Amino acid sequence: MSNKRIAVLGTGANGSCTGADLTRAGHDVVLIDQWPAHVEAMRKDGLLIQMPEEELRVPELRAYHLCDVCTLNQTFDIVLLMTKAYDARWMAEFIKPYLADDGLLVGVQNSMTLDSLTEVVGPHRTFGCVIELSSEIYVPGIVQRNTPPKKTWLALGTTDKAMEPRLAEVEAVLKDVGRVTISNNILSAKWMKVVVNSMTMATKSIMGMTSGEIFQIPGVRELMLRSGEEALAAGQAIGYKIEPIIGLKAEDAMGSNRFLENLLDKMTVDVGPTARNAMLQDHIKGRRTEIDDINGLVVRESRRHGLATPVNDVLVDLNRRITAGELKPDAANLQMALSMINR
């Protein structure tokens with residue numbers, strides 16, 4: 001246990017799991033969120049974390065609404081920013097006055113938010129993090145965690161070599177959440193997470209299916225791999241390297257085609273057959289997804305480098321139409337997607 005003052009900013013499903021783990025481990029941690037009912041539920045009854053093999057009740061948590069932060073009269077040594085990618089910048093601005101002068105803001109999010117966070121608080125106070133933690137939340141105070149701590153994986157890194165000695169401070173905290181790897185190329189590692197998310201999230205969300213359901217349908221795996229090929233090509237055009245993530249080894253990253261298959265297979269096994277990914281959860285809840293920060297990002301970066309993205313173009317379009325209420329998640333959307341791609 002460290003003696004750091006820690007804030008988990010954004011306590012959706014993954015943030016709640018993280019805050020619960022750190023609380024149970026005895027860290028000095030507060031949980032801050034913008035969902036009022038969830039904050040009140042945590043204050044009243046704590047968190048119930050439902051996992052495949054056990055349930056954990058964390059009854060005493062320090063949970064705060066965003067509007068309460070100004071009353072804390074303290075600064076934080078480590079802020080784990082765990083909001084949606086599209087909320088990253090404004091949340092960084094929000095918490096900046098409460099970050100200690102030598103405090104660290106850790107972007108534990110999907111997509112490539114590290115540059116935005118660095119612009120807000122500086123490279124000397126910003127770390128990037130890749131996380132593999134599958135979880136779901138629909139009822140305030142109750143979280144379904146599909147990947148328990150022993151299956152949770154995190155990569156931590158910095159773009160400022162002068163900050164490398166301080167990685168151990170955050171590693172000491174995150175080891176109570178899952179297995180931690182120090183990445184020497186955190187931007188490439190973050191892009192690899194974009195690659196795997198581009199393969200899995202958008203397709204499952206347009207079809208409204210879990211891993212156990214979707215891979216029973218012919219053509220799905222091939223579609224996912226084509227999406228991943230486009231994302232990998234975009235990253236290589238930018239200059240990102242192939243990095244083993246989510247617990248894969250260096251030999252698993254040899255050869256881009258096999259690497260994509262390894263990524264897809266590893267992610268599928270780790271999250272289990274019943275997990276609903278974050279993008280599908282957003283459709284179920286009728287809220288904005290991260291499609292523009294994942295598949296949409298692949299499209300934009302590919303355009304900048306003269307690359308075509310027929311698969312990701314269609315996945316972005318269909319997910320936007322679901323958000324707009326023009327479509328519903330349904331297995332029939334696969335044939336629509338394939339027809340649009342092959343025009």
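Residue count for the stretch 249-273 satisfying the condition of being surrounded by 18 or more Cβ atoms within 10 Å (Cβ to Cβ), of a type in the set (A, V, I, L, M, F, W, C) and either at pLDDT 90 or above or closer than 25 Å to M209 by Cβ (or both): 6.
Quick check, is A231 touching a Ser or Thr at 6+ places or on another chain (Cβ under 6 Å), surrounded by 18 or more Cβ atoms within 10 Å (Cβ to Cβ) and not in a loop (DSSP other than H, G, I, E, B)? The answer is yes for A231. Taking the conditions exactly as written (modelled with pLDDT of 95 or more, buried (at least 22 other Cβ atoms within 10 Å of the Cβ) and over 12 Å from the mean Cα position of the chain (by Cα)), does V170 satisfy them or not? Judged against the criteria, V170 is a match. Being over 25 Å from G157 (Cα atoms) and under 21 Å from the mean Cα position of the chain (by Cα): is that true of L280 here? Spelling it out, L280 is indeed over 25 Å from G157 (Cα atoms) and under 21 Å from the mean Cα position of the chain (by Cα).
Those strands (runs of 3 or more DSSP E) of the stretch 1-79 in which at least 2 residues are aliphatic (A, V, I, L, M) and open to solvent by less than 40 Å² (accessible area, probe 1.4 Å), considering only elements entirely within it, cover 5-9, 28-33, 47-50, 55-58. Would you call W191 of a type in the set (F, W, Y), crowded, with 22+ Cβ neighbours inside 10 Å and either within 18 Å of the chain's Cα centre (by Cα) or farther than 30 Å from E229 by Cβ (or both)? Yes, satisfied. Taking the stretch 87-170 as the region of interest, the strands (runs of 3 or more DSSP E) fully inside it that hold 3 or more residues being touching a residue at least 60 places away in the same chain (Cβ under 8 Å) are 99-108, 126-132, 135-139, 142-145. Residue under question is Q216, and the condition is that it be of a type in the set (S, T, N, Q), surrounded by fewer than 16 Cβ atoms within 10 Å (Cβ to Cβ) and either assigned to a loop (DSSP other than H, G, I, E, B) or at pLDDT 90 or above (or both); does it hold? When the stated conditions are applied, Q216 passes them.
Inspect all residues belonging to the stretch 151-161 and state whether any of them is among the acidic types (D, E) and either open to solvent by less than 10 Å² (accessible area, probe 1.4 Å) or out of contact with any Pro (no Cβ under 9 Å at 6 or more places or on another chain) (or both). No.
The values are calculated or read from the model by the stated rules, or taken from the named source; none is laboratory data. Only a predicted model underlies this, so the values are computations on that prediction, with no experimental measurement involved. Glycine gets a Cβ as well: all are built from the backbone with ideal geometry, and neighbour counts include every protein chain shown. Side chains included, ligands, DNA and RNA excluded: accessible areas come from the protein's heavy atoms. Shrake-Rupley method; radii C 1.70, N 1.55, O 1.52, S 1.80 Å.
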